[in-house]
1. What ranking do 254-260, 58-64, 306-312, 374-380 get when scored by the average of other Cβ atoms within 10 Å per residue, highest first?
2. Using per-residue counts of other Cβ atoms within 10 Å, averaged over each peptide, order 68-75, 196-203 from highest down.
3. What is the order of 53, 359, fewest Cβ neighbours within 10 Å to most?
4. Can you classify region 52-111 as rounded, prolate or oblate using the Cα gyration tensor, where a ≥ b ≥ c are the square roots of its eigenvalues, rounded means a/c under 1.5, and otherwise it's prolate if a/b beats b/c and oblate if not?
5. Based on the alpha-carbon gyration tensor of the chain and its eigenvalue square roots a ≥ b ≥ c, which shape applies: rounded if a/c is under 1.5, prolate if not and a/b is larger than b/c, or oblate?
6. Looking at region 350-442, send over the antiparallel percent of its DSSP beta bridges, to the nearest 5.
7. Output the antiparallel fraction of DSSP beta bridges having both residues in the chain, as a percent to the nearest 5.
8. Packing-wise, with mean Cβ within 10 Å as the measure, how do 261-271, 147-157 rank, highest first?
Ligand SMILES: [Zn+2]
């Protein structure tokens with residue numbers, strides 16, 4: 001479909017009908033990304049003050065909190081945010097209706113975020129907040145040369161029920177995107193996917209890392225000329241993107257690869273810019289960085305965010321349970337706070353018996369090192385059997401030998417100082433989650449106190 005047609009005659013009117021000022025906010029966010037830091041700080045302070053005032057007056061959870069902490073709802077300012085409690089995913093679920101605002105402005109819609117932790121969260125959003133989320137995403141896609149309405153190929157899960165499937169089909173049509181299902185990924189499906197892409201080449205490709213890499217590997221092996229399709233950018237999301245994955249995708253698609261990080265609860269959080277920094281969507285989110293007292297590998301700070309726009313279910317100080325490494329101001333010149341990396345995507349870490357925490361990245365390093373040495377495997381997953389014992393499930397590639405798996409196991413044992421033991425098991429395939437994602441780490445269930453900091457913070461799958 002023609003991009004202009006899709007943008008102006010489908011997406012724009014659809015957004016207007018839904019009461020979502022996506023395009024107006026997009027125009028604003030194109031400008032605000034170049035604000036001076038002081039201007040951004042002033043904007044955030046004003047937005048925070050309005051939000052706190054609103055939350056204390058309209059939301060039972062915060063009204064009761066303010067009452068019990070004995071502070072007045074009058075003259076609340078941005079600095080008062082630190083007096084409010086940090087809220088974890090478990091607490092969000094537990095608080096339920098008490099977090100819903102009384103008579104929020106405009107229409108609202110419900111959003112269900114995925115449940116790789118077994119706890120799906122239902123969240124209410126007002127349309128303005130939804131639009132703000134989308135506008136921030138489009139602003140960043142523009143960094144990659146992508147505009148609303150440009151033809152997209154989306155490698156994603158497909159909904160199970162017919163009704164939802166039809167609804168997503170309509171959304172896909174309006175957004176001019178073709179969907180490639182995570183649940184049909186046999187070789188014959190991949191051949192068919194390549195054919196579909198050739199017939200209607202996308203401007204950009206979006207999806208889970210595990211799906212895109214599998215497809216890319218297939219195209220390289222079968223000598224399917226994927227790079228000849230003229231894709232402008234590949235945007236990955238929801239799963240950890242390793243450097244070797246990035247290289248593979250760049251080579252197969254013949255296009256730059258950018259990483260997105262977000263979550264169903266607050267939407268887009270970080271986007272990689274052309275200089276490689278991960279920028280915070282600071283017009284929508286205020287972020288606080290918390291040091292983490294627990295020993296862990298690798299080290300970083302905890303991200304706690306406040307959604308500045310959601311008036312249907314105001315989320316103050318929401319613990320994303322992910323870790324990031326803050327970076328100095330980016331050479332691209334944008335004032336949006338920068339990070340050099342994001343890891344420990346919430347669900348993928350294991351806690352050993354002595355409390356040491358190992359994030360997904362720690363295990364990913366070992367897999368990377370294995371690939372660098374030419375060890376032959378397709379996919380791998382770590383399942384925690386006991387606090388200090390993991391099972392490495394490995395899908396062999398041609399040329400795989402027993403030593404290959406053993407090498408990874410030994411490396412992890414060595415790097416953890418003997419703390420983590422790894423048993424290797426070969427398998428034909430690794431199952432996907434209901435959302436379509438593949439988990440790198442399947443950890444033992446943790447007691448409430450720790451699982452609470454354990455949110456499904458990566459998938460933005462609720463949005464189809
Ligand atoms: Zn930058």
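Each value in this text was obtained by applying a stated rule to the coordinates, not by laboratory testing. The model shown is predicted, which means the values in this text are computed figures rather than measured ones. Positions of Cβ are backbone-derived with ideal geometry, glycine not excepted, and every protein chain shown enters the neighbour counts.
1. Peptide ranking by packing, descending: 306-312, 254-260, 58-64, 374-380.
2. 196-203, 68-75
3. The order, fewest Cβ neighbours first, is 53, 359.
4. Verdict is oblate for region 52-111.
5. oblate
6. Working: 10 of 18 bridges.
About 55 percent, rounded to the nearest 5.
7. Working: 41 of 69 bridges.
Percent antiparallel among DSSP bridges in the chain is about 60.
8. Values: 261-271: 25.6, 147-157: 22.1.
Sorting 261-271, 147-157 by mean packing, highest first, produces 261-271, 147-157.
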